[in-house]
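Below you'll find the structure, written out as structure tokens, and then a few comments.
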Amino acid sequence: MANKTFHPADYAVFAAMLVISAGIGVFHAVSGGKQSTNREFLMANRQMMSLPVALSVLASFFSASTLLGTPAEIYQYGTQYWMSVFGAMLAPLTGALLFGPMFFNLKIVSVFEYLEMRFHSKSVRLFGATLFLLRATLGIGIVLYGPSTALSAVTNFPVWAIIVMVGGICTFYTTLGGMRAVIWTDVFQTIVMVAGMIAVLIQGSIQIGGLSEVWKIAYENDRIEFFNFDPDPEVRHSFWSLVVGIYFVWLPPYTVDQQMVQRFSSAKSLKDAKFALLCNLPGMFVIITLCSLVGVVLYANYATCDPLKNNDIENVNQLLPYFVMEIFTDLPGLPGLFVACIFSGALSSVSSMLNSLAAVTWEDFLKLRLGMVDETTAARITKALAVVFGCLGVGMAFVVEQMGGTVLQASLTFNGAIGAPLVGVFILGACFTRANWIGALAGGIIGFIFPIWLGIGKYVRQPQNVKLPTNIMGCSAENRTSTPFLNTTLSTVSTISSVTAVNEARSFNGSISISNELTGLDRLYGLSYLWFSAIGILTVVVIGLVVSWLTGNPEEDKVADNLQLHFWRRLYDVFLSRCSGNTDDDEDTPGMEEENELRDDYARVDDVTTSL
């Protein structure tokens, strides 16, 4: 087996990426407002152009978890996951046309300020802020761990050292350069991410004989499947879970997430902010498609010799780095580009979360306690908070190291379960004037506990863990007895179980069915992880409305117009008017007026979209 280690040129390419990222932070630390106020440090003085904001949002939500996890997902389960692109693209559209403009016009720094303004309750505001702190801190651990295993697989550095190094560099430039540094490093890192994945796709296809041959191999081995319309919610991936379920998974980051709101509000105008989010539609399509194609290329290259079964690697998250070192053996510098691509995904996500964590902690906790302090002192405190959260995130990466499973599933499950109650609470406030703070808090707590319970139960019990079959018939004798590719010991248990351990049957269309039916709680844990977010959001809204109705809402008519989604309110009013029978054609009824206004709203949305 060839010696799969970094060439000096690879180290140079990877180091250049880190130096440029750090340099951008230093540049913005000494230029402009020098990050001396929180308006500059957290909001880039609200002067950012739409394109850098668009690329920053895209890079923040497409981390190393996506770049490593999506190809691994396609390799193990087939191409069905690619259908998620259509559900995912609806999320930025919702943010651009509904939630984003409301937050932009409020001129708030922390999105959770809205909850206090709407429900007149600090408890609801602090509940939402606490959930975000938990989600983002653990999220840093997830996105740091993935690329660290990638780099450890091609260098002599242990995982812990890489986690500390990357976490430290990211904390450094985020603290120095603030939001401007975060956005512009995201722009640079997005370019690196796309370039790295394109290089892998091209070279991997050449190894097999072109994309047509890649597709042929995958098709002949039942890897190609797009339209599985099975309505069973226990099916891991179906058309419904990947279009409807994934929409609710992506809804939190693109509508009410602090990271998105900060970037949206940092734009020069509402028009620029909307355009930035709308640009994420084609961006999401390109990245998810690119990663999915790389997964098909992975399978085509290893169709007869699975490196996981052959013990060449110990964890599915190292599959793509292993492949890269094989195909780029004679091309020094390209493995370094790939690893820089993976780390760019991690750095962009971590820097974004650090800045947002600092903003929420200051605005929603410390500022309420400390009262008014001068701008310089406030900025120094916020920068110190970014350092603290950087250290906490590094610590969480070591916790994530102990988990099994692909980083993609861990990321989607975790973000969906914790993001769901946040979306639910904001929907209660923006769409239902009858919702009060008691209902919002009760719904939020139950909507948080229920999906988390489902996620933990699914992880512990693993009622369904069926992967498509692979083999090692094509592995040479040398490969079968070779030393594992990894040169560092990982405590993570391999997620590839023997195919014979699962009682599975393959039907004529290539789908997998489980012959032993799930019983008891396993029926609940057996739900596809993609439904957890939708379940959480629905739980919050239903419980919140019921509790609000039981406890009453004497201030129902006092909800300010700027705290509501006007489009939803007008649609709701038209529905009530129709239900009450106010549809007499001979009279200019309130229902007809509302319907006309709704039609005007549709026209305005069309005008905005056309102009953008």
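Values in this text are rule-based calculations from the coordinates and carry no lab data. What you see is a predicted model; the values in this text were computed from it and never measured.
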request  = On a C-alpha basis, how far is the centre of the range 247-313 from the centre of the range 368-389 in Å? Whole number, if you could?
outcome  = 33
query = Can you give me the Cα centroid spacing of the range 177-235 and the range 37-94 in angstrom?
reply = 14
key: Distance violations [Cα-Cα > 26 Å] among 122/268; 122/558; 107/383   = 122/268
query = Over all distinct Cα pairs, what is the inverse of the mean 1/r for the range 76-223, reported as the Kirkwood hydrodynamic radius in Å?
reply = 20.0
